[in-house]
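Okay, so here's the structure we're looking at.
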Amino acid sequence: MDTHLKNTASAKRLGNALTSALPAAVQRPSYDRKAVSPGIAHIGLGAFCRAHLAVYTDDVLENGAKDWGIVGIDTMSPAIRDALKPQDCLYTLLARNDGKDTLRVVGSMLDVMITSDQRREIFDLLVDPKIRIVTLTVTEKGYCQDAATGSLDEKHPAILADLANPTVPNSIPGLLTEAIRLRRQAGQQPFTVLVCDNLAQNGAKVRDIVSRFATLRDMELGQFIRENVSFPCTMVDRITPATQDADRATVATALGAEDAWPVVTEPFRQWVIEDRFPLGRPDWEKVGAIMVDDVHPFEMMKLRCLNGAHSTLAYLSVVAGIETISDAMADPDLPNIIRKLWDKDLIPSLPIVPGTNVEDYTRELETRFQNRGVRHLTLQISSDGSQKLPPRLLEAARELYAAGKTPDVIPLTVAAWMRFLSGKNEQGQDYKIADPHAERLATIAANAGDDPRLLADSLFAIRDIFGDDLPANEHFRTAVVGHLSNLMTQGTAKTLKTFLATD
Ligand code: CS2
């Protein structure tokens with residue numbers, strides 16, 4: 001049964017047969033989907049990829065390409081397959097901008113497969129020479145990395161399981177390694193691996209992770225991957241919250257038909273890609289993507305300024321009981337906190353970003369964050385802090401110290417994350433902490449009670465978040481403990497006011 005459909009069973013359902021009957025304002029594929037063959041296998045079917053790379057690719061298909069359709073693969077649950085297959089893998093993208101909505105039915109996803117019961121079919125697909133690119137959006141934790149160093153976490157349970165049973169992998173490094181091995185065995189050139197997650201140097205990092213996993217499995221295979229598989233780096237950007245039931249209802253009304261899993265997003269989108277695709281690629285640059293030799297400056301700007309500000313707003317807001325990013329931007333102090341974060345800590349940490357004024361970029365971020373049409377929950381962004389803080393903010397703090405400067409707001413964000421781990425906001429309401437280390441973090445928070453120093457010390461001891469250097473840095477440690485103590489005793493509002501008043 002399809003649990004995502006809330007309205008009557010007799011309602012019309014989105015699908016190929018219905019596209020011509022959709023209201024005129026709804027954009028839909030004008031190309032013949034049946035004439036399109038797959039060229040991309042995409043792993044990780046959260047909302048983001050369906051608002052981003054699938055849309056760029058839909059635009060390429062609109063321009064006449066025929067061999068760059070996408071087959072989606074999900075490793076988590078059959079829910080997305082159950083939602084999309086009955087509607088011919090079509091879905092609606094609702095782009096919202098403070099009351100101005102545009103709707104588009106996206107046609108680039110041709111099929112959806114799930115690893116739990118279609119492993120064989122998935123490997124057949126990945127070996128097929130038609131598939132020339134494997135794209136990924138599996139979130140930071142999906143790569144089984146040690147977050148502080150970005151290298152493979154060799155003790156990760158999923159990695160140990162896949163090393164013990166490498167032909168039936170469940171982890172992303174295990175899956176990619178086995179697919180590349182099978183492809184090589186079949187005499188096919190390796191596909192390009194395009195990582196579309198928010199990691200610093202995402203392609204290079206995932207190449208190191210996958211080739212390390214492969215080396216542990218078979219030295220020669222590891223070397224083959226390192227030398228022969230292209231992992232271009234990318235910067236991806238589009239704010240895309242998880243779909244809510246209210247969004248399904250809005251879309252159903254606008255379409256006059258049910259869509260079990262639409263995606264809501266902002267109008268803005270950006271994609272910067274290193275142009276290293278040995279087996280070719282769609283003409284993404286003709287539909288707005290920027291192809292470059294070096295993504296690094298763009299990626300640092302986005303990861304730090306957008307995602308770092310998001311995390312800062314998220315931890316402070318969850319603790320303060322503020323539900324969405326646009327509500328946080330209406331707070332008297334939070335916008336000034338991220339302005340200070342950008343001006344004092346992040347902009348000075350960035351290299352020159354070609355063709356971009358970073359100051360203007362942060363002004364645009366303020367407008368994007370204020371968009372009330374996109375209900376981006378602060379609790380959603382607060383997830384996986386152990387994975388997100390290192391690339392978004394801790395790396396910048398390290399660089400500032402190395403340059404003889406001191407971070408100003410980053411220690412406050414870290415303190416807010418530590419306070420957040422209590423699982424209770426300032427109104428006394430409980431919330432859930434989603435993190436691969438959730439259990440360990442909750443135990444530490446419970447044991448530390450209301451002792452800020454003990455809490456900070458116990459969390460600083462987690463090396464795969466903080467490394468060895470930051471906990472040993474007296475300035476960093478003292479600043480974090482000071483903010484944490486204020487947050488715990490005075491609350492967020494007073495802490496922020498005092499912090500902003502002292503310059
Ligand atoms: C957010 C990102 O959830 C989060 O951690 O910071 O998903 C953010 O919305 C995207 O990276 C925007 O491109």
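Numbers for the structure displayed
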| read-out | value |
| --- | --- |
| GLN490-ASN336 FRET efficiency (beta carbon distance; Förster radius 22 Å; 0.05 resolution) | 0.80 |
| Proportion of all alpha-carbon pairs of segment 77-201 beyond 19 Å (%) | 61 |
| Distance violations [Cα-Cα > 24 Å] among LYS302/LYS424; LYS302/LYS432; LYS66/LYS205; LYS85/LYS141; LYS302/LYS340 | LYS302/LYS424; LYS302/LYS432; LYS66/LYS205; LYS85/LYS141 |
| Accessible area in square angstrom per residue, segment 90-148, 1.4 angstrom probe | 35 |
| Counted charge near PHE123, where neighbours are those whose Cβ lies closer than 12 Å (Asp, Glu -1; Lys, Arg +1) | 0 |
| The chain, relative contact order [Cα under 8 Å, separation at least 6], % | 15 |
| Relative packing of 149-157, 37-45, 353-361, which averages over residues the other C-beta atoms within 10 Å, highest first | 37-45, 149-157, 353-361 |
| Label zone at GLN370 (point 7 Å along Cα-to-Cβ), backbone N below 16 Å, segment 312-326 | 325-326 |
| Whole-number D in µm²/s for the chain (Stokes-Einstein; Kirkwood sum over Cα pairs; 4 °C, 1.567 mPa s) | 55 |
| Residue among PRO411, LEU176, GLN87 farthest towards the positive dipole end of the chain, charges placed on Cβ | GLN87 |
| Residues with amide H under 5 Å from that of VAL112, placed H, sequence gap 5 or more | GLY72 |
| Per-residue ³J(HN,Hα) for segment 184-198, Karplus 6.51 cos²θ - 1.76 cosθ + 1.60, θ = phi - 60°, Hz, x for Gly and Pro | 5, 4, 7, x, 9, 5, x, 6, 7, 9, 10, 7, 10, 10, 7 |
| Cross-link reach list, aspartates and glutamates versus LYS497, counting only Cα pairs under 12 Å and skipping chain neighbours closer than eight places | ASP331, ASP333 |
| For a label point 7 Å along the Cα-to-beta-carbon line of LYS155, residues of segment 109-146 with backbone N under 16 Å | 144-146 |
| Per residue value of the accessible surface for segment 296-501 (all protein chains in place, 1.4 Å probe), Å² | 38 |
| Separation of alpha-carbon centers, segment 238-298 and segment 468-503, rounded to whole Å | 37 |
| Nitroxide proxy distance, nm - points 7 Å out along Cα→Cβ at LEU454 and ALA402 | 3.6 |
| Mean ellipticity per residue at 222 nm, deg cm²/dmol - from DSSP H runs of n ≥ 4 across the chain, formula -39500 (n - 2.57) | -12500 deg cm²/dmol |
| Anchor LYS286: aspartates and glutamates whose Cα lies under 17 Å away (excluding residues fewer than 8 positions away in-chain) | ASP58, ASP59, GLU62, ASP67, GLU274, ASP275 |
| DSSP bridge pairs, the chain: antiparallel proportion in percent, nearest 5 | 35 |
| Partner aspartates and glutamates for LYS155 [C-alpha distance under 20 Å; skip if fewer than 8 residues away on the same chain] | GLU140, ASP146, GLU178, ASP208, ASP218, ASP384, ASP435, GLU439, ASP464, ASP468 |
| Probe 1.4 Å, all protein chains present, accessible-area order of HIS52, HIS483, largest first | HIS483, HIS52 |
| Residues with amide H under 5 Å from that of GLU266, placed H, sequence gap 5 or more | ARG96, ILE239 |
| Alpha-carbon centroid distance for the pair segment 429-467 / segment 4-79, whole angstrom | 41 |
| Unit charges on C-beta of K, R, D, E only; dipole of segment 296-501, Debye | 220 |
| Segment 271-355, relative contact order in percent, only Cα pairs under 8 angstrom and at least six apart counted | 30 |
| Of all accessible heavy-atom area on the chain, the percent that carbon and sulfur account for (1.4 Å) | 51 |
| For VAL168, solvent-accessible area (1.4 Å; no DNA, RNA or ligand), Å² | 60 |
| Among 330-343, 414-427, 297-310, the order from most to least packed when residues are scored by Cβ within 10 Å on average | 297-310, 414-427, 330-343 |
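The values are calculated or read from the model by the stated rules, or taken from the named source; none is laboratory data. Predicted model, so just to flag it, every value in this text is computed and none were measured. All Cβ positions, even for glycine, are placed from backbone atoms using ideal geometry, and neighbour counts span all protein chains on display. Side chains are part of the model used for accessible areas, which takes the heavy atoms of the whole protein and leaves out ligands, DNA and RNA. Shrake-Rupley method; radii C 1.70, N 1.55, O 1.52, S 1.80 Å.
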